[in-house]
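Here's the structure we're looking at; comments come further down.
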Amino acid sequence: MSEQLIERQDNGGIVTLTISRPKALNALNSAVITELEQVLVSLETRDDLRAVLITGAGEKSFVAGADIAEMKDKTPEQAREFAGQALRTIKRLEKLPVPVVALVNGFCLGGGCELALACDWAVATDNAVFGQPEVLLGVIPGFGGTQRLPRRVGPAMAIDLVTTGRKIDAQEALRIGLVNRVMPQAELGAYVDELTKQLRSNGPQAVRGSKQAVHDGLDQDLDSALALETSLFALCFAGDEQSEGMSAFVEKRKANF
Ligand code: DAK
């Protein structure tokens, strides 16, 4: 039986995906990307999906980048094929209709940092190390780093990181807004439990609608984006969730979504 490179754990619709190539610090090779894409395709149409958490196996690395050994001897045609598949996969992750959270538990470099940037938000353990060191290898980021990084941390900091290739620690990542919070590795499990509880207690369609409003709105001018928000807000009143949520408040009980 072939080794599973993406471990899956489903906790009532909160799915944790663990990239599992610990001997190579979870570097992304074609096999990982292929398996990740298959998993994402299977999640895209799941109505019961509430959130996706993505992390790396072991305590040393989230993802140390694309697999350099595999990339080294690619022909231009093979590089193009890899790029197409990788970009399609990361787009699928970004477009999932539920919150996607990166649990960055160590090295988060190159394609790993770009994977985290395609998630809705990231949290980090205090041993995490971030960077876009592609220039040290004679290439530029190819997984969206030059585009998503400036959108997250601003162009000046992004150009600093992609042109120097310097590594930053978890505290600096927090300060520049690359991650939302930092915690000791031993507390990551408790964070996941708390997040799972929180997301489970919210209206699932409202959670999806909130994400959709932010994502789709960012591609539009403010007036169009506000009109989109109004439409999605009104749509909430067409389902059962709003009625249950507001009735529960009035009746002083917990909503049952
Ligand atoms: N690829 C392949 N193997 C890797 C790897 C990587 N990115 N990172 C680490 N490994 C392997 C090491 O080769 C080593 O394997 P063995 O020698 O034991 O067989 C094992 O993991 C443990 O690594 P180290 O012995 O080096 O461990 P250290 O603690 O000493 O150092 C490190 C950890 C993370 C600082 C170091 O391993 C390192 O600098 N790794 C490379 C980090 C890096 O440069 N990452 C960026 C890669 S470039 C694209 C999409 C994406 C990309 C490009 C195009 N398209 C869609 C077009 C992305 C490019 C990249 O990510």
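Any chance you could give the angle, 0 to 90 degrees and rounded to 10, that helix 240-250 forms with the longest Cα principal axis of the chain? It is inclined by approximately 60 degrees.
Per-atom-type breakdown for the range 105-257 gives carbon and sulfur 59% of the accessible area (1.4 Å probe, protein chains only). Please label the shape of the chain as rounded, prolate or oblate, based on the square roots a ≥ b ≥ c of the eigenvalues of the alpha-carbon gyration tensor (a/c under 1.5 means rounded; beyond that, a/b larger than b/c means prolate, else oblate). In terms of gyration-tensor shape, prolate. Extension gain for the segment Leu136 to Asp10, taken as residue separation times 0.36 nm less the Cα-Cα distance, is 41.5 nm to one decimal. Each of Leu25, Leu53, Gly144 was scored by the projection of its Cα onto the charge dipole of the chain, and the greatest displacement toward the positive side belongs to Leu25; charges sit on the C-beta of Lys, Arg, Asp and Glu.
Taking the DSSP beta bridges with both ends in the range 102-187, the antiparallel portion is around 25 percent.
Ranking Val214, Thr125, Ile159 by Cα position along the charge dipole of the chain, where only Lys, Arg, Asp and Glu carry charges on their C-beta atoms, puts Thr125 farthest toward the positive end.
Of the DSSP beta bridges with both residues in the chain, give the percent that are antiparallel, rounding to the nearest 5. Expressed as a percentage, antiparallel bridges in the chain total about 30. Within the range 1-108, all pairs of alpha-carbon atoms sorted by distance into 10 Å bins from zero give the percentages 15, 45, 33, 7, 0. If only the Cβ of Lys and Arg carry +1 and only the Cβ of Asp and Glu carry -1, the dipole of the range 84-167 around its Cα centre is close to 240 debye. What you get for the chain, charging only the Cβ of Lys and Arg (+1) and of Asp and Glu (-1), is a dipole of about 300 debye around the Cα centre. When the pairs Lys91/Lys254; Lys23/Lys197; Lys95/Lys252; Lys60/Lys91; Lys197/Lys252; Lys23/Lys91 are compared against a 29 Å limit on Cα-Cα distance, Lys91/Lys254; Lys23/Lys197; Lys95/Lys252 fall above it. Average accessible surface for the chain: 53 Å² per residue, computed with a 1.4 Å probe over protein heavy atoms with every protein chain in place. Only beta bridges with both residues in the range 6-158 are counted; by DSSP, about 25 percent of them are antiparallel.
Remark: the range 182-198, residue by residue, has Karplus-estimated 3J(HN,Hα) of 10, 8, x, 3, 5, 9, 4, x, 5, 4, 4, 4, 5, 4, 4, 4, 4 Hz, where x stands for each Gly or Pro and the curve is 6.51 cos²θ - 1.76 cosθ + 1.60 at θ = phi - 60°. For Ile159, the solvent-accessible surface with a 1.4 Å probe is about 100 Å², rounded to the nearest 10. Assuming charge only on the beta carbon of Lys and Arg (+1) and of Asp and Glu (-1), the dipole of the range 132-233 about its Cα centre is about 240 debye to the nearest 20.
The values are calculated or read from the model by the stated rules, or taken from the named source; none is laboratory data. This structure is a prediction, so every number in the text was calculated from the model and none was measured. Here Cβ is always computed from backbone atoms with ideal geometry, including for glycine, and neighbour counts include all displayed protein chains. Protein only, heavy atoms only, side chains kept; ligands, DNA and RNA dropped before computing areas. Shrake-Rupley method; radii C 1.70, N 1.55, O 1.52, S 1.80 Å.
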